[in-house]
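A single structure is presented below for examination.
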Amino acid sequence: MVAADNIQKTPAESKFDLISYLKTRQALCETALDKAVPMQYPEKIYEAMRYSLLAGGKRLRPILCIATCEMMGGTIEMSMPTACALEMIHTMSLIHDDLPAMDNDDYRRGKLTNHKVYGEDIAILAGDGLLAYAFEHVVTHTENVPPERILQVISRLGRATGAAGLVGGQVVDLECEGKTDTPLETLNFIHNHKTAALLEACVVCGGFVAGASTEDIQRLSCYSQNIGLAFQIIDDILDITATQEQLGKTAGKDLKAKKVTYPSLWGLEESRQKADQLIEAACAELQPYGEKAQPLIALAHFITNRDR
Ligand code: GRG
């Protein structure tokens, strides 16, 4: 869950109660995710899928999807299956990222990683199971949304997940392992694909479900690309400044691996300034939506104010 007490309010969101907004949306997501993947035969794989899916986490991705859908005139119910699918895809990427063949991590979301509990074979399959089910879930559980919008969602989820998104970013990240001269351009490529592409999909798919126009989707795309990069800059900062208890995963990994990160290129202060600039640019895109944009503006500021 979000460490709500540590969120600082900015003037733009002072009227908006982000803490209770996050609490209610997180609770709705937890219930929907629990229901989406019930225990059944073969129990072994469903248990492994549920272990990571229901292990907490900030639920930022589904909440971004729901918030965008509501801003564009849709409802929570219309967007919930897509929101859950996005969290399933995110969770599978964490399971695979933690594997010994990738980042080789022992802790995630404050618990032992999936492969540490179930073994590598089941962890790979749990990730695969969540990925496949994400697509099925959108198609079988979305109600009161025209089929052409569902097709737009499916297409965007596929793009954000595959070689044009998460997979592509991860491959370049692996290629850069152990290199201390990775240029900024490559670092941006990695994080625009590994991190920002899925965050963009959350926002854009929320827009698709609500039937947003091409012009609106363009604005939502700019907003989410900016928050996506800001999210990663803060992630890099937290890897240096936060503890394992705060993060729920091993801290200081980037330094130990001598990995090129935003703070290693710019330093901590400049990195934070760049993240703030990206958040300002993101929020400027939402000006046409007035008061309705408050949740997305507050969520953007939460990205830079978070402590985990
Ligand atoms: C998608 C087919 C497919 C394979 C996965 C392993 C991989 C390819 C990609 C790696 C993606 C990855 C782990 C990116 C890092 C993104 C990131 C900063 C995650 C942390 O997100 P938070 O802080 O985590 O929102 P919580 O636990 O709060 O949800």
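The values are calculated or read from the model by the stated rules, or taken from the named source; none is laboratory data. Please read these numbers as outputs of a predicted model, since none were measured by experiment. Neighbour counts run over all protein chains shown; Cβ positions are idealised from the backbone, glycine included.
For the list (1) surrounded by fewer than 23 Cβ atoms within 10 Å (Cβ to Cβ); (2) part of a helix (DSSP H, G or I); (3) without any contact (Cβ under 8 Å) to a residue 40 or more places away in the chain, I need the number of the one condition that H115 fails.
All conditions pass for H115, except number (1).
Shifting gears a bit: Output the residue which, of all residues in the stretch 58-100 that are of a type in the set (G, A, S) and either touching a His at 6+ places or on another chain (Cβ under 8 Å) or within 14 Å of A123 (Cβ to Cβ) (or both), is surrounded by the fewest Cβ atoms within 10 Å (Cβ to Cβ).
S93
Right, here's the next one. Any idea which of (1) surrounded by fewer than 24 Cβ atoms within 10 Å (Cβ to Cβ); (2) in a helix (DSSP H, G or I) is the one Q40 doesn't satisfy?
(2)
Oh, and also: Any residue at all in the stretch 195-207 that is over 16 Å from the mean Cα position of the chain (by Cα), in contact (Cβ under 8 Å) with a residue 12 or more places away in the chain, surrounded by 23 or more Cβ atoms within 10 Å (Cβ to Cβ) and part of a helix (DSSP H, G or I)?
Yes.
Go through (1) in a loop (DSSP other than H, G, I, E, B); (2) free of Cβ contacts under 8 Å to residues at least 60 places away in the same chain and name the single condition D181 misses.
The number of the failed condition is (2).
Take the stretch 160-169 and flag every residue that is under 15 Å from the mean Cα position of the chain (by Cα) and either at pLDDT below 95 or part of a helix (DSSP H, G or I) (or both).
A160, T161, L166, V167, G169
Among the listed residues L299, L268, L278, identify the single one that is at pLDDT 95 or above, over 24 Å from T24 (Cβ atoms) and within 18 Å of the chain's Cα centre (by Cα).
L278
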